[in-house]
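Notes follow once the structure below has been shown.
The values are calculated or read from the model by the stated rules, or taken from the named source; none is laboratory data. The shown structure was predicted, so the numbers you read here are calculated from the model rather than taken from an experiment. Every residue, glycine as well, gets a Cβ built from its backbone with ideal geometry; the counts of neighbours run over all protein chains shown. Calculation scope for accessible area: heavy atoms of the full protein, side chains included, ligands and nucleic acids excluded. Shrake-Rupley method; radii C 1.70, N 1.55, O 1.52, S 1.80 Å.
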Amino acid sequence: MNHFQTILTRVRMLLSSHRPSQVQALLDHMLEKELLSREYHFALLHEPDGEALARKISLTLLEKGDPDLALLRWAWSGLQVPVAERDPDSKDHGGKSASPSPK
């Protein structure tokens with residue numbers, strides 16, 4: 001497997017296992033690290049095709065020289081799903097809302 005395929009496989013796994021807000025956090029981090037221009041960052045945020053997004057992120061990492069995939073390790077460790085965001089439809093409190101009751 002060539003280096004691009006290795007990166008692409010990891011990016012695909014990352015994207016498939018995280019929520020959109022976490023993918024945005026990854027793209028924001030890439031912007032902060034100057035791996036993306038503001039224009040490209042915006043374009044990636046609005047990419048409707050998940051496979052195209054994975055390929056674009058993978059090519060960017062390959063072109064910008066992230067040979068150790070440090071950014072992806074950051075994403076795996078730093079983008080854990082907070083308990084409150086795991087499933088907004090789940091009823092962890094016996095089906096009751098956490099909002100205060102009216103007095």
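Quick notes on this one:
- Meets criteria (in a loop (DSSP other than H, G, I, E, B) and open to solvent by 90 Å² or more (accessible area, probe 1.4 Å)) for Glu47: no
- Selection of the range 30-44 for residues being in a helix (DSSP H, G or I) and open to solvent by less than 30 Å² (accessible area, probe 1.4 Å) yields Met30, His41, Leu44.
- Search result, residues across the range 15-29 that are closer than 13 Å to Leu53 by Cα, in contact with a helix residue (DSSP H, G or I) (Cβ under 9 Å, 6 or more places away or on another chain) and surrounded by fewer than 19 Cβ atoms within 10 Å (Cβ to Cβ): Leu15, Ser16, Gln24
- Of the criteria (1) modelled with pLDDT under 80; (2) among the hydroxyl-bearing types (Ser, Thr, Tyr); (3) open to solvent by less than 80 Å² (accessible area, probe 1.4 Å), which one Ser58 fails: (1)
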